[in-house]
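These notes concern the structure reproduced below.
The values are calculated or read from the model by the stated rules, or taken from the named source; none is laboratory data. Since this is a predicted model, take the numbers as computed values, not measurements. Every residue, glycine among them, receives a Cβ derived from its backbone with ideal geometry; neighbour counts consider all protein chains shown.
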Amino acid sequence: MNQILEWISLHQEMIYVVVLMIFVGIEIIGKVPSVLHTPLMSGANAIHGVVIIGAIIVMGKAEEGNIAALILGFLAVVLGTLNVVGGFVVTDRMLEMFKKKK
Amino acid sequence: MELNILALCYLLGSVSFIIGLKMLSNPASARKGNLVAATGMFIAIVGTIFLYQENGQKLHNYSWIFGGLLIGTIIGTVMAKKVQMTAMPEMVSLFNGMGGACAALISIIEFKHLIEVDPRVFAHLGYAFFSHLDQTKLLIILLGLIIGGVSFSGSMIAWGKLNGKIKDFSFKGQHIFNLLLLIANILLAAYIIIGRPEQSPFYFYIIIFLSLLYGVFFVLPIGGADMPVVISLLNSFTGVAAACGGFLYDNKVMLTGGILVGAAGTLLTILMCKAMNRSLKNVLIGSFGGTSAVGAGVAITGSYKEISLSDAAVIMGYANKVLIVPGYGLAVAQAQHVCHELEKTLESKGVEVKYAIHPVAGRMPGHMNVLLAEADVSYEKLLEMEVANEEFKTADVVLVLGANDVVNPAAKSDPASPIYGMPILEVEEAKHVIVNKRSMKPGYAGIENQLFFQPKTSMLFGDAKKALQDLLAEIRSI
């Protein structure tokens, strides 16, 4: 019990961010018309591509000789970039079709 | 100084994600919203590459980083530009899987790192080296691995199923098997974190394997109408996996972005489940079209009647109000442009034409809206389900274009049907129903449709594009 309390207190900043972000995420989606569900899903898909930052950090920390870390990190960077770039481009293509109308 | 600038970059990134998602929820600002989020992402990425420090050390391996970014950018752009409108859902699923794999890879590397740098963590040297920090780190790493792995393999299966490469597959007791997989995974993870056995690396690889396996069996049995829900759910999974990375590196932009998507994706999933009157629990254990439900429905007997093109043209050309119900068949045939032509031609003859859009028509929520928007169909003509169900009562003709399960009256009348309880478009309220399909084969959910055998209904067989072109020519000649 004490351990859990200690853990919460140690990470309270992160926990606050998580809780607040959950509310923000729900609040934002709650008002979306169903017309925009697909582009929105696709846009959200691109945003979780932010995981690429973790991949860059991992790649940038890998020691020169550590082949396994280099290759895995490189793969992570490529896949993460695919998620980000592909996600945003696909979303843009979907939304392009809406532009002429109100 | 540099770290302060990086903190600012991350702040800008986080705020841009929130504003971007907010703008994405309004048709007028949606495209700009996407750009805002993309800009924020760019700032965060560039900031990380040049400004990130850990223990006073900057990142290196720049050639690897830029090489990876370049390759990913080129492949991603080409794929996203080339993909057909019909294949959009597959594309989202594929990119989602890439994100999941990325998160899982990060966990794998960080785990190896943890062992190499501090082997004591896993040695039985008493509790002298037992620190909460390592335990938390392990927990996050394993969480990111499991969620990312499930998201990756699940998305790949969803991708394969949507483009028809992988068929539905289920066996008896699959739910229990899935549940056991999940429990085994959690127990193993808990054992690594709490017990810290020396063979941890070995257990770690088993967890990778079990997570991938779970993703596969999680999506394999799910068919038909549940696919959009699954993609949305996997999307939010990847969000949570990304947030794990944020926890691991104390990185706020990853944390906010990931949690934002995780929360939003979960809500979107629940909204979709509600539209289909299914509980998330049912979807989660993958029971749709499972062992018991299919085949229990009332056997459908009777005959259907076909309608000739000229008859269909006359009925529609002299109607007051025509409602069009688009479905996946329209998307497959790429018939949205012809459909818009038909709408304009009918309007020029004084017929009121509108579209009735079921929330889960097609392979993704909003699929039909995107498709029709591509063909320049105006927004006001797209009716949502509740409004459309009122309009059907006064409609002369309903033209069903390649939709099936979303107009199946069994959802209302047959408690044994697997789609019982799902809200449908009540097309049988209209005077005439013309159904365009390629054949009498059942729809994606694999259920027969009583609608086709009703006296009001007539069938117009053929590919949606071809049929509409011919119909258009007939109507013009009236």
- Message: Can you say whether B:Glu448 is in a helix (DSSP H, G or I) and not small (Gly, Ala, Ser), as far as the supplied structure shows?
- Response: no
- Kindly indicate the residue of the stretch B:64-82 that is more than 7 Å from chain A (Cβ to nearest Cβ) and more than 16 Å from A:Ala62 (Cβ to Cβ) and also farthest from the chain's Cα centre (by Cα) among those meeting that condition. B:Leu70
- By my count, helices (runs of 4 or more DSSP H) wholly in the stretch B:1-90 with at least 2 residues that are touching an Asp or Glu at 6+ places or on another chain (Cβ under 9 Å) and within 22 Å of A:Val78 (Cβ to Cβ) are B:30-51
- Query: Which number in (1) facing chain B (nearest Cβ under 7 Å); (2) modelled with pLDDT under 90 marks the one condition that A:Ile52 misses?
  - Reply: (2)
- Message: I'd like to verify a number: residues in the stretch B:213-236 that are more than 9 Å from chain A (Cβ to nearest Cβ) and either in a helix (DSSP H, G or I) or within 17 Å of A:Gly25 (Cβ to Cβ) (or both), how many?
- Response: 15
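Looking at B:Leu451, is it touching a Cys at 6+ places or on another chain (Cβ under 7 Å), within 18 Å of B:Glu306 (Cβ to Cβ) and in contact (Cβ under 8 Å) with a residue 24 or more places away in the chain?
It is false that B:Leu451 is touching a Cys at 6+ places or on another chain (Cβ under 7 Å), within 18 Å of B:Glu306 (Cβ to Cβ) and in contact (Cβ under 8 Å) with a residue 24 or more places away in the chain.
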- Query: Does the stretch B:224-257 hold any residues that are under 12 Å from the mean Cα position of the chain (by Cα) and polar (S, T, N, Q), and which are they?
  - Reply: B:Ser232, B:Asn235, B:Ser236
- Which one of these is of a type in the set (Ser, Thr, Tyr) and farther than 25 Å from B:Ala44 by Cβ: B:Tyr214, B:Tyr249? B:Tyr214
- When you look at B:Ala388, is it under 20 Å from B:Lys354 (Cα atoms) and either of a type in the set (Phe, Trp, Tyr) or in a helix (DSSP H, G or I) (or both), yes or no? yes
- Message: Being away from chain A (no Cβ under 11 Å), surrounded by fewer than 24 Cβ atoms within 10 Å (Cβ to Cβ) and closer than 30 Å to A:Arg93 by Cα is the requirement here; does B:His340 meet it?
- Response: yes
- Item | Test set (1) of a type outside the set (Asp, Glu); (2) part of a helix (DSSP H, G or I); (3) within 7 Å of chain B (Cβ to nearest Cβ) - A:Leu5 fails condition number | (3)
- From (1) touching a Gly at 6+ places or on another chain (Cβ under 8 Å); (2) at the interface with another protein chain (Cβ under 7 Å from one of its Cβ atoms); (3) at pLDDT 95 or above, pick out the condition that doesn't hold for B:Gly100. (2)
- Among the residues of the stretch B:162-175, is any part of a helix (DSSP H, G or I), outside the structural domain of B:Gly72 (by TED's automatic domain parsing), modelled with pLDDT under 90 and within 30 Å of B:Ile75 (Cα to Cα)? yes
- Task: Quick one: in the stretch B:36-56, of everything that is facing another protein chain (nearest Cβ under 7 Å) and over 12 Å from A:Ile53 (Cα atoms), which residue is surrounded by the most Cβ atoms within 10 Å (Cβ to Cβ)?
- Result: B:Ala37
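Quick check, is A:Asn45 surrounded by 14 or more Cβ atoms within 10 Å (Cβ to Cβ) and more than 7 Å from chain B (Cβ to nearest Cβ)?
Judged against the criteria, A:Asn45 is not a match.
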- Message: Give all pairs with beta carbons closer than 8 Å in which a residue from the stretch B:253-279 that is at pLDDT below 75 meets a residue that is assigned to a helix (DSSP H, G or I) and of a type in the set (Val, Ile, Thr); count only pairs at least 6 apart in sequence or on separate chains.
- Response: B:Met272/B:Val229; B:Met276/B:Val229; B:Arg278/B:Val229
